[in-house]
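Everything below concerns the one structure shown next.
The values are calculated or read from the model by the stated rules, or taken from the named source; none is laboratory data. Values in this document were obtained by computation on a predicted structure and should not be read as measured data. Cβ atoms come from the backbone with ideal geometry, glycine included; neighbour counts cover every protein chain shown.
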């Protein structure tokens, strides 16, 4: 019994240390980012930085509003495509698909999550951009191309979380709805999905977080023009794309303003996380 207690205590200590290490690592990243990004942003002016429409490092102009707007539009547009498709796929796999078909579709969806983002970007550049150019003109590299590509990239997250949430709904909910005369579709959309709302919302928020932070794939298909988008077919540049493209040669103030862009992204992600926690508490 003493040896068993010793092993239990050692395992508990190891788990505690790993959790502390994760928190310390996250805290170190946050401290470094805030240390490098907040002072330059304060010197330049938070309002001018967030609302400025011109980014010209050589002239000392650092307005991120076009890139901030592009980031939000591309991420929300990707959700617009991915959420219905992802939830529909989850419903099909959980409720309607034969076991053999589900065993083929589910690994295929999971495989999408393992493909490197640069491969997505290359496929989008070679296939998606020329196709959009042939249909709409304008070169094809645009916000719309980035939306379509991101929707495929975040799809596995939505499918996995939505299917898990549906599987967690007690079977008695479905059986009770059917016993009261509801059709299978009524049971799914009026009973099971509302009961799984928290899990589905978690997946959507996580997918939005990935869309906001995606870099390489978006760079290859969006056109990378620092300008206010006039339509979905306009070229643009996201905050992450701007950081990746300019950090390699940025110095002094320019580098500081790129770190400030990272702070803006950090705040957006923290707001999303807070929204998720608030929603989960409210549901509880």
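What number of residues within segment 232-278 are free of Cβ contacts under 8 Å to residues at least 60 places away in the same chain and in a loop (DSSP other than H, G, I, E, B)?
Adding up the residues that qualify gives 4.
Collect the residues in segment 52-77 that are more than 14 Å from residue 225 (Cβ to Cβ) and outside any helix (DSSP H, G or I), keeping them in residue-number order.
52, 60, 61, 62, 63, 64 - these are the residues of segment 52-77 that are more than 14 Å from residue 225 (Cβ to Cβ) and outside any helix (DSSP H, G or I).
Here's the yes/no breakdown for (1) over 19 Å from residue 85 (Cα atoms); (2) within 26 Å of the chain's Cα centre (by Cα):
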| position | (1), (2) |
| --- | --- |
| 170 | yes, no |
| 187 | yes, no |
| 190 | no, no |
| 194 | no, yes |
| 197 | no, yes |
| 201 | no, yes |
| 206 | no, yes |
| 212 | yes, yes |
| 215 | yes, yes |
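How many residues are farther than 22 Å from residue 233 by Cα, within 17 Å of the chain's Cα centre (by Cα) and touching a residue at least 60 places away in the same chain (Cβ under 8 Å) if we restrict to segment 68-114?
Selection size over segment 68-114: 3.
If you take just the helices (runs of 4 or more DSSP H) that sit entirely in segment 125-180, which of them hold at least 3 residues that are closer than 14 Å to residue 193 by Cβ?
143-168, 171-179
Can you confirm whether segment 100-114 contains a residue that is surrounded by fewer than 12 Cβ atoms within 10 Å (Cβ to Cβ), outside any helix (DSSP H, G or I) and modelled with pLDDT under 90?
Checked against the condition, which is being surrounded by fewer than 12 Cβ atoms within 10 Å (Cβ to Cβ), outside any helix (DSSP H, G or I) and modelled with pLDDT under 90, segment 100-114 yields no hits at all.
Just checking, does segment 19-27 include any residue being at pLDDT 90 or above and within 30 Å of residue 252 (Cα to Cα)?
Yes, segment 19-27 has at least one match.
Any residue at all in segment 215-222 that is in contact with a helix residue (DSSP H, G or I) (Cβ under 8 Å, 6 or more places away or on another chain) and surrounded by fewer than 16 Cβ atoms within 10 Å (Cβ to Cβ)?
Scanning segment 215-222 turns up no residue that is in contact with a helix residue (DSSP H, G or I) (Cβ under 8 Å, 6 or more places away or on another chain) and surrounded by fewer than 16 Cβ atoms within 10 Å (Cβ to Cβ).
Could you grab me the full set of residues in segment 181-193 that are touching a helix residue (DSSP H, G or I) at 6+ places or on another chain (Cβ under 9 Å) and either buried (at least 18 other Cβ atoms within 10 Å of the Cβ) or assigned to a helix (DSSP H, G or I) (or both)?
184, 186, 187, 188, 189, 190, 191, 192, 193
Out of 129, 105, 191, report the one residue that is assigned by TED's automatic domain parsing to the domain that holds residue 269 and closer than 21 Å to residue 241 by Cα.
Of the residues listed, the single one that is assigned by TED's automatic domain parsing to the domain that holds residue 269 and closer than 21 Å to residue 241 by Cα is 129.
In segment 194-223, which residues are in contact (Cβ under 8 Å) with a residue 40 or more places away in the chain and not in a helix (DSSP H, G or I)?
214, 215, 223
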